[in-house]
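Please treat every number below as a calculation from the coordinates, not as lab data. Every value quoted in this text rests on a predicted model; they were computed, and no experiment measured them. All Cβ positions, glycine included, derive from the backbone under ideal geometry; neighbour counts span all protein chains shown.
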Amino acid sequence: MIKGISILRPAATANTYERLASFFSVLGFTPGSGWNEDSSRGASFLAPLGNLEIVDGTMPSVTDVLIEVTQLDAVREAAIMWFRGQGEETAGHISPVAETDWKSRIFTAEPVSGHVFAFWEWADPLRGKPIAVEGDLSAEGMRFAIVAARWNAVITDRLLDGALDALLRSGAARRDIEIVRVPGAWEVAAAARTIADRSPTFGGPGSVDAIITLGCLIRGETAHYEAIYNEVARGIGQSQQETGIPHAFGVLTCETLEQALNRAGVKAGNKGFEAAIAAIEMVSLHRKLVDRENSEGA
């Protein structure tokens, strides 16, 4: 009968609320639905596993919120980049990584005074199970192109804002982000392919590490919608497969304008933000896989 568990952390001020929501947004949490009522609002963040633990004796951490991760150093680096993005030093806000007596590594972060969170991972990450190779969420040193359609600009402009927000929060430099505007979703794939074709290898002249595609198709009353969507999806997928450059898919396919608005940041998160996060992770994963191949072949 139990479905889930939620930890509610009150924010004393609107600024505290915004800082905490911003902090957790860059660490890889899946955004929840949250709420926004007359008397209160809530920013929700989801994790695959939730535990309620009762402790008898010494607490394992200085805080009652412990967040298990699989790549502790990468999470700590993302937290450091968040503080730097706020124009703040990390001294006193992020602790060094420490070993525990329960065979784990842990650090604490305090994005707002009085709100301390602990992040930890097992010292033996395998613990009898195979571990996956995953991308990190730090965009520092990466180069991106964003191809955004102008059609349905009330939606695509919000998607573009979300994508830029994700990249900059994750450490990307403004000079390393190229924005290309095309008339509509139909033209997105062609522009993405042109950009990918000038990037035969990572690091080449004019190259990018990933391309983020943004657009919006609303069904209406004709089959025109499905014909365009199928070709746009095919073109973006083909460009990615044939060039090897990651393409993040942020082209919305919606039944109504209201549904599109919800997916552009009103209720269901911002799909432009999510596409940018996926692009960052795929670039990181690509580099890890290539490094592994090179090290094994050496």
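Taking Cα centre as origin and charging only the Cβ of basic (Lys, Arg, +1) and acidic (Asp, Glu, -1) residues, the dipole magnitude of region 14-122 rounds to 220 debye.
Measuring spread by the Cα atoms of region 144-293 yields a radius of gyration and Dmax of 15.0, 50 Å. Over region 144-293, Cα pairs under 8 Å with separation of 6+ residues give a relative contact order of 30 percent. With unit charges on the beta carbons (Lys and Arg positive, Asp and Glu negative) and the dipole taken about the Cα centre of the chain, which residue among 144, 171, 112 sits farthest to the positive side? Final value for the positive-end residue is 144.
Using unit Cβ charges (K, R positive; D, E negative) and no other charged atoms, how large, in debye to the nearest 20, is the dipole of the chain about its Cα centre? If you can, show how the numbers build up before the last one.
Numbers: 27 positive and 38 negative charges, 101 e Å.
Its charge dipole is roughly 480 debye.
Only Cα pairs under 8 Å and 6+ residues apart enter the sum, and on that basis the relative contact order of the chain stands at 16 percent.
With kT/(6 pi eta Rh) evaluated at 10 °C and eta = 1.306 mPa s, and Rh the Kirkwood radius from Cα pairs, the chain diffuses with a coefficient of 75 µm²/s according to Stokes-Einstein.
Cβ crowding within 10 Å, taken as a proxy for footprinting-reagent exposure, orders 188, 62, 75, 112 from fewest neighbours to most as 62, 112, 75, 188. Mean residue ellipticity, 222 nm, helices only, the chain: the sum of -39500 (n - 2.57) across DSSP H runs of n ≥ 4, divided by residue count and rounded to 500, is -12000 deg cm²/dmol.
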